[in-house]
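Let me begin by presenting the structure, written as structure tokens, before commenting on it.
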Ligand code: ADP
């Protein structure tokens, strides 16, 4: 309220001063018998003074960073004081902003991770030192260029194309040295994005060591297990074997079979984990595969009474036959294992605008909701005792997940305890080929 009151006061003083000047002019004019002339003369001088002040204020405004404000009182003094105050406030905020920017730049520059600011066209606006080093970006030169033109790894292109930035993507760069980068886009503001980059080479190397260890250990275990299983088989058929050994031998054979299954699944998983690259494949006859899977279920000693196959499309699925067969067989095997003989099992294949879908539905024991997110982890079992009793390795769904990942597909699980489960594999449209074109050349591998 203070400036307004002083402005009003200054205005009142100015009005009084104009009136006084006019009066004085009129009095002086009376001396020469021309009061109006006197008044006009004095007002002209007053106007001239105002013009001079206007010029001085204007000059000061233009040079206010170097010059002091004109020393004056009255209306002009108030105006100048207000302008000076606004100017001081602006300078204070500007300084604070600059300081904040500097701190922000210094802290992001010191970050051990790369940060790239992208605009809504994904063009580079700014990047820190680490981003320059990890992604090979050149200061100034690469500003304004689209990030996908500079980071050209296929995994990153697919990540952008998919538009799902919830998780980072790991890309391998081979020049100048081999390095694994974890890249993640984070949306902010009005369409802008942050690209966060970190070097995960160490983790990837450790992961490779772990994979090799599991693969080698499984490989080494295979031969002794084959020998043990062979001897146990011979022993179990030996008529000279003492009766008290019959039960232990049967149990040992069962355990040896379980170990063989675990080793087989571990080896398959290690092979699938060798690379995350997408695989090509050939058009597969899903209907024929489902008929075979149905036969396998019916060949089990115990199986659900009702095993149905619903083929709603004759379209072929493009994939690697051994992998797809293994994934589907694992799902069907689980459904058979975890469903009572009086229950039912259904396999379904259909195609729509979203792609091809293979579902296995059972009326078995179901899975409580809290277990669903962890189901595809290695050795994760809802009921370990039951899984072991059915000869499960605990690796089936991990294999399914990897196979689907390699084919660009997702696994969806819906389940209600004591009612049953549905496991659905969703394949993207490019993995589906209409029946009449099934004989065309196989899809090229994305090596
Ligand atoms: P396992 O060899 O133990 O079956 P999987 O990886 O195939 O291992 O499955 C992991 C766990 O998920 C199983 O132990 C089981 O508890 C649960 N599961 C998988 N499929 C079904 C199903 N159709 N019905 C009920 N539970 C299931």
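Annotations for the structure displayed:
- Yes/no for residue 388 being touching a helix residue (DSSP H, G or I) at 6+ places or on another chain (Cβ under 8 Å), in the same structural domain as residue 354 (by TED's automatic domain parsing) and within 7 Å of the ligand (Cβ to nearest atom): no
Conditions (1) in contact with a helix residue (DSSP H, G or I) (Cβ under 8 Å, 6 or more places away or on another chain); (2) not in a helix (DSSP H, G or I), marked per residue:
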position: 210; (1), (2): no, no
position: 215; (1), (2): yes, no
position: 220; (1), (2): no, no
position: 232; (1), (2): yes, no
position: 244; (1), (2): no, no
position: 251; (1), (2): no, no
position: 263; (1), (2): yes, no
position: 266; (1), (2): yes, no
position: 278; (1), (2): yes, yes
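- Test: residue in the stretch 56-73 that is in contact with a helix residue (DSSP H, G or I) (Cβ under 6 Å, 6 or more places away or on another chain), surrounded by 14 or more Cβ atoms within 10 Å (Cβ to Cβ) and in a helix (DSSP H, G or I): no
- The stretch 171-192, residues that are touching a residue at least 40 places away in the same chain (Cβ under 8 Å) and not in a strand (DSSP E or B): 190, 191
- Any hit, the stretch 321-330, residues being touching a strand residue (DSSP E or B) at 6+ places or on another chain (Cβ under 8 Å), without any contact (Cβ under 8 Å) to a residue 24 or more places away in the chain and either assigned by TED's automatic domain parsing to the domain that holds residue 424 or within 16 Å of the ligand (Cβ to nearest atom) (or both): no
- When the stretch 331-349 is filtered for residues that are within 9 Å of the ligand (Cβ to nearest atom) and in contact (Cβ under 8 Å) with a residue 60 or more places away in the chain, the ones remaining, listed by number, are 331, 333, 334, 335, 338, 339.
- Restricting 286, 263, 214, 302 to those that are assigned by TED's automatic domain parsing to the domain that holds residue 400 and surrounded by 15 or more Cβ atoms within 10 Å (Cβ to Cβ) reduces the list to 286.
- Residue that is nearest to residue 204 (Cα to Cα), among those in the stretch 118-170 that are in a strand (DSSP E or B) and within 17 Å of the chain's Cα centre (by Cα): 170
- Per the listing 203, 193, 255, the residue uniquely surrounded by 11 or more Cβ atoms within 10 Å (Cβ to Cβ) and in contact with a strand residue (DSSP E or B) (Cβ under 7 Å, 6 or more places away or on another chain) is 193.
- The lone exception for residue 381 - which of (1) within 30 Å of residue 434 (Cα to Cα); (2) near the ligand (Cβ under 7 Å from one of its atoms) it fails: (1)
- Taken together, 135, 118, 111 contain a single residue that is under 30 Å from residue 429 (Cβ atoms) and touching a helix residue (DSSP H, G or I) at 6+ places or on another chain (Cβ under 9 Å), which is 118.
- Restricting attention to the stretch 305-320, the residues that are more than 15 Å from the ligand (Cβ to nearest atom) and crowded, with 20+ Cβ neighbours inside 10 Å total 5.
- The number of residues in the stretch 391-434 being more than 18 Å from residue 261 (Cα to Cα), near the ligand (Cβ under 10 Å from one of its atoms) and more than 24 Å from the chain's Cα centre (by Cα) comes to 6.
The values are calculated or read from the model by the stated rules, or taken from the named source; none is laboratory data. Predicted, not measured: the structure shown is a model, and the values here were computed from it. All Cβ positions, glycine included, derive from the backbone under ideal geometry; neighbour counts span all protein chains shown.
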